[in-house]
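First comes the structure, then the notes that go with it.
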Amino acid sequence: MKGLRVAVILLVVLEAGWITFDGAQALRTGGYLKPRLGAYGGRVGEWTRVASVLGAPPSSTRAKWTLIGYGIAWLCAAFAFARGAGWAWWVLFVFAGGALWYSILAVPLFLAQMLLLIAVRRDT
């Protein structure tokens, strides 16, 4: 069980850390990191559609700060999960589900995190 919790935390650090970094880098330079090759080469992820519908175009400062806040809140929930807070499981699950819109390339990681969270829940 401890190994599953560690795997969840490592995935959160990777995923939430990347989202936070991408938002901070976009705030600093004005542009998001984009894949260079493939079907999404040169384009930002599908989250841009969601952000635009919600009134925060991807190029806006509000969208960049939202990514940073999302990532930091997700990392804080991972810290609480590591400390054994019962509510943190649900928060991590919701954050992983909510991040499915972020990047098609990261969907397997988000799904893996959700499956590991379910496995942790079953072991407790």
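The values are calculated or read from the model by the stated rules, or taken from the named source; none is laboratory data. Predicted model only: the values in this text are computed from it and were never measured. Positions of Cβ are generated from backbone atoms using ideal geometry, with glycine treated the same way; all protein chains shown enter the neighbour counts. Only protein heavy atoms, including side chains, enter the accessible area calculation; ligands, DNA and RNA are left aside. Shrake-Rupley method; radii C 1.70, N 1.55, O 1.52, S 1.80 Å.
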Two-decimal Rg to Rh for region 1-100 - Kirkwood Rh, Cα set: 1.02
Angle between the chain longest axis and helix 61-82 axis [Cα atoms, degrees, rounded to 10]: 10
Contact order relative to length of region 57-124, as percent, for alpha carbon pairs under 8 angstrom and 6 or more apart: 21
Scattering curve values for region 72-124, log₁₀ I(q)/I(0), Debye with Cα scatterers, q = 0.13, 0.15, 0.16, 0.17 Å⁻¹: -0.29, -0.39, -0.44, -0.50
On Cα atoms only, tilt of 107-123 relative to the major axis of the chain in degrees: 20
Value of relative contact order over the chain, rounded to a whole percent, pairs C-alpha under 8 Å and six or more apart: 34
TRP87 paired with VAL13, simple spin-label distance in nm, labels 7 Å along Cα-to-beta-carbon: 2.5
Selected from LEU54, LEU67, LEU109 as most flexible by GNM, with the chain as the system and alpha-carbon contacts under 10 Å: LEU54
Accessible carbon and sulfur surface of the chain relative to its total accessible area, %, 1.4 Å: 69
From phi via Karplus (6.51, -1.76, 1.60), per-residue ³J(HN,Hα) for region 95-103 in Hz, x at Gly/Pro: 4, 5, x, x, 7, 4, 6, 5, 8
Gaussian network model of the chain, springs between alpha carbon atoms under 10 Å - residue of ALA56, ALA99, ALA26 with greatest fluctuation: ALA56
Given charges at beta-carbon only (K, R positive; D, E negative), |dipole| of the chain in Debye: 100
Inter-part distance where region 43-93 and region 9-26 are each reduced to a Cα centre, Å: 9
Surface accessible to a 1.4 Å probe, per residue, for the residues of the chain, Å²: 58
Charge context of TRP65, other residues only, Cβ under 14 angstrom, K/R +1, D/E -1: +2
